[in-house]
1. Which of (1) assigned to a helix (DSSP H, G or I); (2) more than 23 Å from Gly122 (Cα to Cα); (3) in contact (Cβ under 8 Å) with a residue 12 or more places away in the chain does Gly50 not meet, given it meets every other one?
2. I'm trying to understand the selection: among the residues of segment 109-125, which are modelled with pLDDT of 80 or more and open to solvent by 60 Å² or more (accessible area, probe 1.4 Å)?
3. Looking only at segment 82-95, count every residue that is at negative phi and surrounded by fewer than 19 Cβ atoms within 10 Å (Cβ to Cβ) and tell me the total.
4. Mind listing just one residue for me: the one in segment 18-35 that is touching a residue at least 40 places away in the same chain (Cβ under 8 Å) and not hydrophobic (A, V, I, L, M, F, W, C) and, of those, surrounded by the most Cβ atoms within 10 Å (Cβ to Cβ)?
5. Between Leu55, Leu45, Leu41, Leu64, which is more than 24 Å from Tyr118 (Cβ to Cβ) and touching a residue at least 40 places away in the same chain (Cβ under 8 Å)?
6. Of everything in segment 1-12 that's assigned to a loop (DSSP other than H, G, I, E, B) and either open to solvent by 30 Å² or more (accessible area, probe 1.4 Å) or of a type in the set (Ser, Thr, Tyr) (or both), which residue is modelled with the lowest pLDDT?
7. Please enumerate the residues belonging to segment 36-58 that are closer than 27 Å to Gly92 by Cα, surrounded by 14 or more Cβ atoms within 10 Å (Cβ to Cβ) and not β-branched (Val, Ile, Thr).
8. Of (1) touching a residue at least 40 places away in the same chain (Cβ under 8 Å); (2) in a helix (DSSP H, G or I); (3) out of contact with any helix residue (DSSP H, G or I) (no Cβ under 7 Å at 6 or more places or on another chain), Glu15 satisfies all except one. Which?
Amino acid sequence: MCHILTKRCGKIDPESALLAGLVHNIGSVAIITYARDFPELSANLETLQGVTRRLKGQLGKMILTHWDFPAMLIEATEDHPHRIHEGPCDTGDLVVIARRHAGFDDGPGEEETELPAYAKLGFTAEQIHAVLEEAQAELDEMLALLGK
């Protein structure tokens, strides 16, 4: 989704956006991997989800910093839908929008266009929905080519 969104807004390199979408949740992977060694934690799904929700952004930033990733990709792991920053739309904004439309971030009854990332992208909600429908069609086409 990040790749498709950036191809339409033309402000961010599509390959960087794709990479941001792929690694933005790396902190969650590390937490889940670590939890395997602690059966009492992995057995309690509610606790594991709470720990993951609280720590995944910080841990993701630490991992990507250790791996010497560019700052724009490290910032995309912040996982804060209401993040505000100076300047134009960035990879973090694309990740926020993609996560919301993928169903990962259900805000507490807020309209999606209330998120600062939407204003940064400069698209209306209808335009974003059209782009994301196109993205789903491209994904379906790619999966069909792969026989999936």
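1. Unmet condition: (3).
2. Within segment 109-125, Ala119 is the sole residue that qualifies.
3. Kept after step one, since they are at negative phi, are these residues of segment 82-95: 82-86, 88-95.
Checking the rest, the ones that are also surrounded by fewer than 19 Cβ atoms within 10 Å (Cβ to Cβ) come to 82-86, 88.
Within segment 82-95, residues that are at negative phi and surrounded by fewer than 19 Cβ atoms within 10 Å (Cβ to Cβ) number 6.
4. That would be His24.
5. Leu64
6. Ranking the qualifying residues of segment 1-12, first place goes to Gly10.
7. Leu48, Leu55, Lys56, Gly57
8. Condition not satisfied by Glu15: (1).
The values are calculated or read from the model by the stated rules, or taken from the named source; none is laboratory data. Note that the structure is a prediction, hence the values are computed from the model and not measured. Heads up, the Cβs are rebuilt from the backbone with ideal geometry, glycines too, and the neighbour counts pull from every protein chain shown. Please note that ligands, DNA and RNA were not included when accessible areas were found on the heavy atoms of the full protein model with its side chains. Shrake-Rupley method; radii C 1.70, N 1.55, O 1.52, S 1.80 Å.
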